[in-house]
Amino acid sequence: MEFTKLSLKTVITILILSFISLSIYAQETVNENDLISIVGTGDIMMGSNYPSADKLPVADGKDLFRQVKDVLQNADVTFGNLEGCFLDRGGNVKPCKGKNACYFFRMPDRYVNHLVDAGYDVMNIANNHMGDFGAPGRENTVKVLENAGLYYAGLKDVCETARFEKNGVKYGFCGFAPNSGTVKITDLEYAKKLVSGLKKDCDIVIVSFHGGAEGKAYTHVTRKPESYLGENRGNVYEFAHAVIDAGADVVFGHGPHVVRAAEIYKDRFIIYSMGNFCTPDGVSISGINGYAPIVKVYTDRTGKFVKGEIISAIQRDKTGPALDSNHLSAKEIKRLTESDFPETNLSISSEGQIERKEQRRQQSSDNDIFYIQKNEPLACVPDSAVNALLAQDVINYSMQFIGTPYHRGTQGPTSFDCSGFTSFIFHNFGYKLSPGCVTQVNQGIKIDQKELRTGDLIFFKGRNANSERVGHVGIVVSNKGGGDITFIHASSRGVILDKLNSSSYYKPRYVTGLRVLKNNNSSI
């Protein structure tokens, strides 16, 4: 950025504008004691008793929320998405299209007590698994939640909205999904009608949606309609903006089983997916599927966003979410937000603090101009670029581990060896690589050095440069041609970046490249 000498007139103008901005900021500052705190979490499926009790958690689930309970209880309102019905036995099991596409979630009635004990106030029941056991499952879930004193919404013509009051604040809640029996995310006019009706007599309106495609390849918000297994899962971007236009104050998304970006729209907060939160069995929690953020939003009493926080938690086993000192959820949401919504007035730190950006537009007066960097809105992601985005996601994800120490035979996340690092990174995106580079080299399509692209693997000989045996592996960050290749790898110095051409050690040891990401044919 270039700077030029500023005239006296310009300096005075800037000082005046700064004074005005500070004055406005002072007027808009809200007393911390007047803020309303709302916590949201993603999918909750505490264990299924169908077809047998084998998938129920240890200690009958009573410890599932133990490690995060204090955080969940420290809010005015705590929300979660109930991914399955409450039913001790029976029900009308949904038809199954194929063995690999069918999952049935039926939680024992008594498990509602775990939600109450954890501090939940309101649950979304608009999602695909609420209908796993037909009308008996839906009806019993409503009865169980009602008897437990929890609020709920999301079923068409049954419980489309909920209203409740806490500490003198009136809340409205509604949930949406693309599935049969739910209030449809695809019917924007009806959604806006429900939200505007709530806003007429509620101070804060919370909207939940279950939408978007599923899986590790679908972390980005495309701003277009999304489908999965032939089902229209809605345009979550269009939906979120429409309900805020109608009066929503906070929008919590879920459905993809991975986290997605956040944004501010008209001073209201949106998180497009909070991933899996408490899914000890029956739902994959490997890699990024195990990220379990707790999103805490602070608003004023009109619903205007003031600040927020992402408290990172993670699921690594069947014992429920645990707080994560590495802040992996926060880092991933930060990365996706900066990628998908560079224009949003939202700043997320690596530790999860959410604040407004100080946005200033470029201003000019005659020849007196001062410049402020300005991001342009992200265009819709074309289908042809999906694999290119996935390749870049692999690199962005791997970068957060730079500096992680090397230890032979380890596969992360606190230490890696070379093939342990590559297998760990790719596993987070659904690719299962063996933990040894000798076998990894045969798990994709071998390619010439000049054809290497972002996200490809790059293999080297070991310490003996005269041997033909593969002994080291990294991930290509970029290839500018002529051997100008940057790669990230776990070396004896830890996870670092290296350049092939400038390395007297790796350049003569290069063996081959390998393409693992499917159809990675878009230039980065």
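Descriptive notes on the structure:
- Seen from Y506, the other residues with C-beta closer than 11 Å to its C-beta sum to a net charge of +3, counting Lys and Arg as +1 and Asp and Glu as -1.
- Simple spin-label estimate for E238 and D63 in nanometres, 7 Å along Cα-Cβ: 4.8
- Given the chain, longest segment not containing exposed loop chymotrypsin sites (Phe, Trp or Tyr not before Pro) (DSSP; at most 14 other Cβ within 10 Å): 4-370
- Projecting label points 7 angstrom from Cα along Cα→Cβ for D201 and S52 puts them 5.1 nm apart.
- For G212, neighbours were defined as the other residues whose beta-carbon sits under 9 Å from its Cβ, and their charges (Lys and Arg +1, Asp and Glu -1) total 0.
- Within the chain, antiparallel bridges make up roughly 65 percent of the DSSP beta bridges whose residues both belong there.
- Which listed pairs, of K334/K357; K266/K304; K432/K499, have C-alpha distances above 19 Å, in listed order: K432/K499
- Taking the DSSP bridge list for the stretch 226-328 and keeping only pairs wholly inside it, about 85 percent are antiparallel.
- For G471, the amide hydrogen comes within under 5 Å of the amide hydrogens of F460, K461, G462, counting only partners 5 or more places away or on other chains and with H modelled in the peptide plane.
- Extension gain for N33-R408 works out to 129.8 nm (0.36 nm per residue, less the C-alpha to C-alpha distance).
- Taking amide H positions as modeled 1.01 Å from N, with prolines and chain starts lacking one, the residues under 5 Å from Y291 and 5 or more places away or on another chain are Q315.
- With the convex hull drawn around the C-alpha atoms of the stretch 134-247, the volume per residue stands at 126 Å³.
- Ratio Rg/Rh, restricted to the stretch 28-176 and using Cα atoms, in which Rh is the Kirkwood radius: 1.01
- The stretch 228-268: trypsin sites (Lys or Arg not before Pro) in DSSP coil with no more than 13 other Cβ atoms inside 10 Å: K266
- Ranking V112, G175, M130 by Cα position along the charge dipole of the stretch 108-209, where only Lys, Arg, Asp and Glu carry charges on their C-beta atoms, puts G175 farthest toward the positive end.
- The phi torsions of the stretch 291-300, fed into the Karplus equation with coefficients 6.51, -1.76 and 1.60 and a -60° offset, translate into couplings of 5, 10, x, 10, 9, 10, 10, 10, 10, 7 Hz, rounded to whole numbers, with Gly and Pro shown as x.
- Heavy-atom accessible surface of the stretch 392-524, averaged per residue, reaches 47 Å², computed with a 1.4 Å probe.
- Links that overshoot a 22 Å alpha carbon limit, given the list K184/K224; K69/K192; K62/K216: K69/K192; K62/K216
- Summing charges over neighbours of P256, with a neighbour being any other residue whose Cβ is under 11 Å away from its Cβ, gives 0 when K and R count +1 and D and E count -1.
- Between I445 and M399, the FRET efficiency estimated from the beta carbon spacing at R0 = 35 angstrom works out to 0.90.
- Förster radius 22 Å - calculated FRET efficiency between A135 and S227, Cβ distance, rounded to 0.05: 0.25
- Under the criterion of Cα pairs below 8 Å and six or more residues apart, the relative contact order for the chain equals 10 percent.
- On the basis of the beta-carbon distance and an R0 of 41 Å, R469 and E351 show a calculated FRET efficiency of 0.45.
- Anchor K461: aspartates and glutamates whose Cα lies under 18 Å away (excluding residues fewer than 8 positions away in-chain): D417, D448, D498
- Counted over the stretch 132-256, the DSSP beta bridges are approximately 45% antiparallel.
The values are calculated or read from the model by the stated rules, or taken from the named source; none is laboratory data. Because the structure is predicted, anything quoted here is derived from the model rather than measured. In this analysis, Cβ positions are derived from the backbone assuming ideal geometry, glycine residues included, and neighbour counts consider all displayed protein chains. Surface areas here come from the heavy atoms of the whole protein model, side chains and all, with no ligands, DNA or RNA. Shrake-Rupley method; radii C 1.70, N 1.55, O 1.52, S 1.80 Å.
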